[in-house]
Structures are given as structure tokens and as C-alpha cells.
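Below is one structure, written out as C-alpha cells; the observations come after it.
Nothing in this text is a laboratory measurement; each read-out follows from the coordinates by a stated rule. Keep in mind it's a predicted model, so treat the numbers as computed, not measured. When we count neighbours, we look across all protein chains shown, and the Cβ atoms used for this are built from the backbone with ideal geometry, even at glycine.
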Amino acid sequence: MIANYGYKDGSGEYYISIDTDRCISCAAGRACLTGCPKGMFENMTDDYDDEVVQVKQQFRRNLAYDCADCKPSGGHASLPCTTACTPGAIKHSW
Amino acid sequence: MYTAGIDMGSRTVKVVIIDNDAAGAPSVKKTHLMFPGDVDGDAAADKAYDDALAAAGLRRDEVRAVFATGAGRKTVNFATDSVTEMSAGAKGVSYFFPSARTIVDVGAEEGRGVKTDGNGKAIDFAGNEKCAAGAGSFAEAMSRALQMTLTEFGEASLRSDKSIPMNAQCTVFAESEVVSLIHSATPKEDIAKAVLDAVASRVCAMVRRVGIDKDVVLIGGMVHNPGFVQALKSSMDVDEVKLPEIPEFVSALGCALLAAEARQ
């Protein structure tokens, strides 16, 4: 399943997509949990009893601001979360 | 074997009890909808479930499993398990329309798009965590501004062929846009259409994230608004949007079906 967490508002569309099929058998040892400087990801058991990662509830309404520090304007050449996620399960829509 | 599903929505509690031993396929034994008012989550779930059981002539111990879903699913303390709205909706829709691939779920406070695999399993979803402008409460607030009931509001929009864009993304600002339209003597039916076009446009933007594949099914309370259904069809550019018989109960039904599967 591709889970899209986020929102669209007047300033744009801000979604973090997690491809849970790639997430189930994570080859990166859940590096995203520590890779994100703000700790925005957490483990969860989905409806099909698979262990996957999701974006924490409290961050889902503020992605444009919470992720801003990791964007190129914040001095990062690449996003820490997508870099840590070597299976390529995490994507940003903006 | 009886199983039940409870959908604890932000506005209403929906309960579905199914009889899994009916000939052919599981059949809906009873549906029950309750407006909890100022009753808290625990008590509302208890009361809605007890009322549904009484109407079905059943006792609690005759129901083998109860699954909960919805924004308040964690408050249903007697539920044997809980599932997300996406899984419940996908399962419920597959009961009515096995050919469904795209589900649009628009309730009171949230809208979401779900892609399914044809076997009642959600494979992709997108919602809007932030904004109420793509949900039923937005239409309700705007109908209040026009001093119309929701039914009148939906029917009025069908009498308009005007296309008035609403620019505001936020319910609060949109209401001021509606007030401006009222002051400029814009006919109510044109304003109603503008509002429902705006809701449909926001919902459609979410659904496009998961992709629009036929058949498209709309569930949730907004199914009862014919103006919204028309606006959604136009916005998604599809000829047909399938509507289940009991649109607001589909997720609760999905829960009951998932509960039955878990018990088998």
C-alpha cells in the first residue's frame, strides 16, 4: 500500500508517501526513525498485521514547516529521510 | 455467526450487524445511526451498539466479534479490534461493488481517496489532515450561511448552470466569500453550485494522488447530496460514480466483514 500522509492548502500540496510494500522488509533497519532530525516517523502495525512506518499524527498537519529545514533552502543537498530509506519507500510530493 | 462493525465518525456513530450464516453471502441484519450530541465517545458507542442490538433482537454475547473504525475508533472499549477507515471502506465497498477500484469517502470532517485491488484491500490512499474544505461540514456551514437545509442546498445547486470559482481554501474565508456573493444578489442556486464545485474540486485533488481508475464509488454522508455527486462527476471527468444503498454505513459494514474474516 502507498500511504499518503499530509494535506493540500492554499500554498501547495504537502504529502509524504510511504510505500509499505517496500517498508515491510526494510533492508535499512528502519534508519528513517533516526534519520529524520525531528523524529517524525514511528513504527506501527497496519490493518494487515505488517510492521511498517508511518508519519506521526502530530506532524501530519505541519509538513510544509517541519520539513522545511531539510529542504535545499535549509542547507541540505538531499533529504535525510529519503537518504536513510535505501529501499526507496519514502517520497515527498514537494 | 453474527459480527458487528462500528464507525465512530466525528458527527455520527454508525453500527452494522451482519449475519454471516445467511444463504449465499453475509447479509446485513441491522443498521443503526446515532447522533451522539454531547455524549462522550465511550457512552455514545455503548448506546449506539445497544440500540442496534435491541433493534436486531440480539444480545451482546450472540455477536462473536466487533471491529471499530473512524476517527473515534480507539474510544470503543468493547471492540475486539480496530481498523483504519481505508481498510474498512475498501472492504465495505467490495461487498456492493466488486469491480470498484477507486473509492471516494467524504464524511462530515474528512475526505479521502482510496485505491483498492479488487479484493477489498486498500493499496493506496490519500486524505487531507488539515482542511475541512473538502468535507461535508464545509457544505453544511455554507448551507447555513444561505439559510437552507442541506437537502435544499443540494437540490438548488442542480438548478444552476453557472460556474462561479471560489478561491478561498479555508472554510472560514470561504464563508466570507459566500456572504459577498449573497450581498451581490447572486442567486442562491448559483452559490450552492459554487460551494459544491469547490468541495468536489478539493476532494478530486486528493483522489488524483492515488489515481482515478474505474469503477469509482462514492461513500459517506455526502452521497445524499445530489449536487455534490454531480459536481464530483464533473470534477473527476467520469461518466459514472457508483453509489451504494447505505453510503454512510459502508465503513461499519466493512468492519463487520473484517471481523467475520478474523473469526473464520
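Of note:
- Candidate lysines for bridging to A:K91, where Cα separation is under 25 Å - those fewer than 8 sequence places away on the same chain excluded: A:K8, A:K38, A:K56, A:K71, B:K115, B:K121, B:K130
- Size of electric dipole in chain B: Cβ of Lys, Arg +1 and of Asp, Glu -1, about Cα centre, debye, nearest 20: 340 debye
- Each of A:Y7, A:I18, A:H76 was scored by the projection of its Cα onto the charge dipole of chain A, and the greatest displacement toward the positive side belongs to A:H76; charges sit on the C-beta of Lys, Arg, Asp and Glu.
- Computed over chain A, the per-residue total of -39500 (n - 2.57) for DSSP H runs of n ≥ 4 gives a 222 nm mean residue ellipticity of -3500 deg cm²/dmol, rounded to 500.
- Integer Hz, Karplus 6.51/-1.76/1.60 couplings in order for region B:255-263, x for Gly and Pro: 4, 4, 5, 5, 5, 5, 4, 5, 8
- Computed 3J(HN,Hα) for region B:211-228, one whole-Hz value per residue from the Karplus formula 6.51 cos²θ - 1.76 cosθ + 1.60 where θ = phi - 60°, is x, 10, 10, 6, 7, 9, 10, 9, 10, x, x, 5, 4, 6, 9, x, x, 5, glycine and proline marked x.
- Relative contact order (%) - criterion: Cα under 8 Å, at least six apart; region: region A:44-94: 15 percent
- Annotation: amide H of B:D81 within the under-5 Å range of B:V66, B:A68, sequence separation 5 or more or interchain, hydrogens built in the peptide plane.
- Between the Cα long axis of helix B:188-210 and the first principal axis of chain B there is an angle of about 50°, rounded to the nearest 10.
- For q = 0.06, 0.10 Å⁻¹, Debye-computed log10 I/I(0) when each Cα of the protein assembly as shown counts as one equal scatterer: -0.23, -0.65
- Nearest-0.05 FRET efficiency for B:R263 and B:H224, computed from C-beta distance (R0 35 Å): 0.60
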